[in-house]
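See below for the structure under consideration.
The values are calculated or read from the model by the stated rules, or taken from the named source; none is laboratory data. None of the values given here were measured: they were computed from a predicted structure. Positions of Cβ are generated from backbone atoms using ideal geometry, with glycine treated the same way; all protein chains shown enter the neighbour counts.
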Amino acid sequence: MAATHVEREDGTGTPAAGTVAPPPLPVPVPELSADSPGAHLPDDLVDGLDRTIRRLRRSMIKPPAMLVPVPSLGRQVDIAKIFACDAVEELSSSGGSVTVKDVASSLDLEHSTVSRLLSEAESEGFLTRGTDPDDRRRTTVELTDIGHAVVSDATAMTRFFTRLLLADWDRDDLDQLTRLLGKLADTVSSRMDLLPDLAAREFARTHPEIAESVGQMLRDAHRPRR
């Protein structure tokens with residue numbers, strides 16, 4: 001059945017409520033030319049990096065990798081809660097109160113996601129939440145003694161497991177890997193938000209007739225989910 005459209009003043013159509021939108025038009029992949037960004041990187045190298053990152057990600061999220069033994073508790077703790085506690089401790093080291101917003105910014109996660117995560121950590125006794133005396137609209141967080149112990153134990157256990165995994169590695173190789181991974185993390189962090197516009201500009205160069213619609217599609221794909 002054809003989708004029903006509502007005509008707007010500009011002459012374009014939008015699907016009416018309760019109808020199915022027509023499928024999007026196929027979008028061609030931008031053509032690679034000598035002046036394209038990253039044209040000096042061959043396909044096999046780019047594909048190899050992608051496969052390596054995916055292999056690493058699969059290994060790191062496969063159970064029990066997402067649980068860290070915490071000796072002071074005598075049990076394992078979800079690594080997401082450890083990351084949250086670690087962020088609170090690091091932010092607290094500079095002095096002043098730490099808010100949920102601060103932790104969300106540090107972890108690069110949505111406020112609602114971090115708020116739920118901190119609530120779970122609070123229920124386990126890792127932290128306490130309060131109200132900022134300077135702005136009662138803001139919720140502050142502070143680690144408990146148990147929370148500090150969790151961060152300390154998790155750090156020690158991570159070092160232990162990392163040394164076991166990389167025992168056969170040469171120190172210079174590991175130093176170089178750490179430097180390059182740091183460079184990769186900095187590049188991704190600084191350019192990821194720019195990626196939709198960078199890609200849109202490349203589409204504008206190779207396929208100007210669809211550049212605007214593709215640009216919007218890319219921006220929608222990178223918009224944070226609430």
Just checking, which of 154, 104, 167 is aliphatic (A, V, I, L, M) and within 15 Å of the chain's Cα centre (by Cα)?
104
Could you check region 37-83 and list, in sequence order, the residues that are among the small types (Gly, Ala, Ser) and at pLDDT below 95?
38, 39, 59, 65, 72, 74, 80
Restricting attention to region 54-63, does a residue exist that is under 27 Å from residue 151 (Cβ atoms), in a loop (DSSP other than H, G, I, E, B) and touching an Asp or Glu at 6+ places or on another chain (Cβ under 6 Å)?
no
From the option list 36, 93, 97, 72, single residue qualifying as touching a residue at least 24 places away in the same chain (Cβ under 8 Å), of a type in the set (Gly, Ala, Ser) and within 27 Å of residue 112 (Cβ to Cβ) is 97
Give just the number: which of (1) surrounded by 15 or more Cβ atoms within 10 Å (Cβ to Cβ); (2) in a helix (DSSP H, G or I); (3) touching a residue at least 24 places away in the same chain (Cβ under 8 Å) does residue 104 not satisfy?
(3)
I'd like to verify a number: residues in region 133-151 that are of a type outside the set (A, V, I, L, M), surrounded by 14 or more Cβ atoms within 10 Å (Cβ to Cβ) and out of contact with any Asp or Glu (no Cβ under 8 Å at 6 or more places or on another chain), how many?
2
What helices (runs of 4 or more DSSP H) lie completely within region 118-219 and have 2 or more residues being under 18 Å from residue 90 (Cβ atoms)?
145-165, 171-191
All but one of (1) touching a helix residue (DSSP H, G or I) at 6+ places or on another chain (Cβ under 6 Å); (2) in the same structural domain as residue 101 (by TED's automatic domain parsing) hold for residue 196; state the number of the condition that does not hold.
(2)
Please verify whether residue 72 is surrounded by 10 or more Cβ atoms within 10 Å (Cβ to Cβ), within 16 Å of residue 148 (Cβ to Cβ) and of a type in the set (S, T, N, Q), treating the condition exactly as stated.
yes
Among the residues listed as 110, 89, 120, the single one being surrounded by fewer than 16 Cβ atoms within 10 Å (Cβ to Cβ) and closer than 17 Å to residue 154 by Cβ
120
